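One structure is given below, encoded as structure tokens.
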Amino acid sequence: MNIESFREYCLKKKGVTESFPFDETTLVFKVMGKMFTLTDTEDDFSINLKCNPEKAIELREKYFAVQPGYHMSKKHWNTIKIDGSISDEVIYQWVDDSYKLVVDKLTKAQKGELKNL
């Protein structure tokens, strides 16, 4: 996985936009205006993903490349170093999980709007 394949995967999801709201190197992906993942375009390739608290701890214990979310709520976010130690398929599943966590928390109106996109 590289940053372009990660970006393309995220942008294929319904209702996703990308932006640089924090600085010129932090690329953020949002669904219906709510952040579900981000990465830095200049540093070593890593991504931050939203995760339910129990699973976040489980993944940190299982994978050395998974750490508490850098500059994020450590309870709800993990930082995953993309170093080849975790398969792309597993990482993409975690991206899907992060997206779903955010979509599940959208308001009824937002979910309706997303469905109609």
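The values are calculated or read from the model by the stated rules, or taken from the named source; none is laboratory data. Only a predicted model underlies this, so the values are computations on that prediction, with no experimental measurement involved. As a convention, Cβ positions derive from the backbone with ideal geometry for all residues, glycine included, and neighbour counts pool all protein chains shown. Calculation scope for accessible area: heavy atoms of the full protein, side chains included, ligands and nucleic acids excluded. Shrake-Rupley method; radii C 1.70, N 1.55, O 1.52, S 1.80 Å.
Of the conditions (1) open to solvent by 60 Å² or more (accessible area, probe 1.4 Å); (2) at pLDDT 95 or above; (3) in a loop (DSSP other than H, G, I, E, B), residue 106 clears all except one; give me its number.
The number of the failed condition is (1).
When the residues of segment 1-15 are filtered to those that are touching a residue at least 40 places away in the same chain (Cβ under 8 Å) and open to solvent by 50 Å² or more (accessible area, probe 1.4 Å), which remaining residue is nearest to residue 99 (Cα to Cα)?
Selected residue: 14.
Is it the case that some residue within segment 85-92 is more than 30 Å from residue 117 (Cα to Cα), touching a residue at least 12 places away in the same chain (Cβ under 8 Å) and surrounded by 14 or more Cβ atoms within 10 Å (Cβ to Cβ)?
Scanning segment 85-92, I find at least one residue that is more than 30 Å from residue 117 (Cα to Cα), touching a residue at least 12 places away in the same chain (Cβ under 8 Å) and surrounded by 14 or more Cβ atoms within 10 Å (Cβ to Cβ), so the answer is yes.
Just to verify a result, which residue in segment 16-49, among those that are within 16 Å of residue 100 (Cα to Cα) and part of a loop (DSSP other than H, G, I, E, B), is most open to solvent (accessible area, probe 1.4 Å)?
33
Answer yes or no: is there a residue in segment 50-59 that is under 14 Å from the mean Cα position of the chain (by Cα), surrounded by 19 or more Cβ atoms within 10 Å (Cβ to Cβ) and more than 18 Å from residue 7 (Cβ to Cβ).
Let us first name the residues in segment 50-59 that are under 14 Å from the mean Cα position of the chain (by Cα), namely 50-52, 56.
Filter once more, keeping what is surrounded by 19 or more Cβ atoms within 10 Å (Cβ to Cβ): 50-51, 56.
Next, only the ones that are more than 18 Å from residue 7 (Cβ to Cβ) stay: 51, 56.
So far as segment 50-59 goes, yes, one or more of its residues are under 14 Å from the mean Cα position of the chain (by Cα), surrounded by 19 or more Cβ atoms within 10 Å (Cβ to Cβ) and more than 18 Å from residue 7 (Cβ to Cβ).
Checking residue 79 against (1) hydroxyl-bearing (Ser, Thr, Tyr); (2) crowded, with 17+ Cβ neighbours inside 10 Å; (3) assigned to a loop (DSSP other than H, G, I, E, B), only one condition comes out false. Which one?
(3)
Return yes when residue 66 is over 12 Å from the mean Cα position of the chain (by Cα), of a type in the set (A, V, I, L, M, F, W, C) and surrounded by 15 or more Cβ atoms within 10 Å (Cβ to Cβ) and no when it is not. It would help to see each step written out before you state the result.
Values: over 12 Å from the mean Cα position of the chain (by Cα): yes; of a type in the set (A, V, I, L, M, F, W, C): yes; surrounded by 15 or more Cβ atoms within 10 Å (Cβ to Cβ): yes.
Spelling it out, residue 66 is indeed over 12 Å from the mean Cα position of the chain (by Cα), of a type in the set (A, V, I, L, M, F, W, C) and surrounded by 15 or more Cβ atoms within 10 Å (Cβ to Cβ).
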